[in-house]
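Working notes, structure below.
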Amino acid sequence: MLKERIRDIPDYPKKGILYKDLTPLFKDEHAFALCIDELANRISKKKVDYIAGIEARGFLVGAPVAYKLRKGFIPIRKKGKLPYKTVSMDYTLEYGQQTIEMHEDSLDGKENVVVIDDLLATGGTTRASIDLISSFGANITALAFIVELGYLNGREKLKGHDVISLIKY
C-alpha cells in the first residue's frame, strides 16, 4: 500500500537521478497515518526524550511522531532559518557544501534523541545531524525514515546507529 503511493520522477533534480516523491503518500490520509503510527510504534520501544526533524520533510514526519509520543520536537534547519542563537555543522554533499543549525539551547547533553527524515539516500545530511546533536553531548537512540534507498548505501555513513526504515528500495 505504501510503495504504490510513492511517485518516481526521472531526471529530477538533475539528469540521471530517479527522485522518489512522497507527496502522494502524504496526501493519502490512510498511508500517511500508517507511516506515522508505525514509526511512533517502533520509536516507542527506544529511550527517547526528543524527536529531531531534518528540514523540511523531516518536519512533516517528525512533528506528528513527536506529538503521538508526547515528546518535544527539535527542528534541524538550513543555515540562517532559525531566529535565535545557533550551533552549526558544515558538511559536503555530492553537489556542494551545506550547513545545518539548531538553537544553542536545544539540548543540554543529557537527552536521548531520535532523528527523523522522510528519506535516507546517501546519508550525508543525517550524518551531519548526528554530528550536530552529538556536539551537545546528547545520545542518538535511533534514526527513522519512511523510505531508505539502499542502493545509495546511506546506511554506511550511519554505522553504529539503529536505523529504522519502513520502505526499502
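Brief remarks on what is shown
- Excluding same-chain neighbours fewer than eight residues apart, the aspartates and glutamates reachable from LYS85 by a Cα-Cα span under 14 Å are GLU101, GLU104, ASP105.
- Annotation: aspartates and glutamates with alpha-carbon distance below 14 angstrom to LYS3 (same-chain offsets under eight excluded): ASP21, ASP28, ASP118, GLU148.
- Relative contact order of the chain, pairs being alpha-carbon contacts under 8 Å that are 6 or more residues apart, as %: 19 percent
- Gyration tensor verdict on the stretch 78-154 (Cα atoms; rounded if a/c is under 1.5, prolate if a/b is larger than b/c, oblate otherwise): oblate
- Where trypsin sites (Lys or Arg not before Pro) fall in DSSP loop in the stretch 93-169, at most 16 other Cβ within 10 Å: LYS110, LYS159
- When only alpha carbons are used to place a centre, the stretch 1-24 and the stretch 100-169 end up 22 Å from one another.
- Fluctuation leader among LEU120, LEU93, LEU60 - the chain, Gaussian network, Cα springs under 10 angstrom: LEU93
- Rounded D (µm²/s) - the chain, Kirkwood Rh over Cα pairs, Stokes-Einstein at 4 °C, 1.567 mPa s: 80 µm²/s
- Vicinal HN-Hα couplings computed from phi for the stretch 99-110 (Karplus, 6.51 cos²θ - 1.76 cosθ + 1.60; Hz; Gly/Pro x): 9, 10, 9, 9, 4, 5, 9, 5, 9, 10, x, 10
- Among the GluC sites (Glu not before Pro) within the stretch 1-104, those in coil by DSSP and having at most 11 neighbouring Cβ atoms inside 10 Å are GLU94.
- Exceeding the 19 Å Cα-Cα cut-off - candidates LYS27/LYS79; LYS110/LYS159; LYS46/LYS68; LYS81/LYS110: LYS27/LYS79; LYS110/LYS159; LYS81/LYS110
Every number in this text was worked out from the coordinates using simple rules, so none of it is lab data. Only a predicted model underlies this, so the values are computations on that prediction, with no experimental measurement involved. Cβ sites come from the backbone with ideal geometry, for glycine too, and all protein chains shown count toward neighbours.
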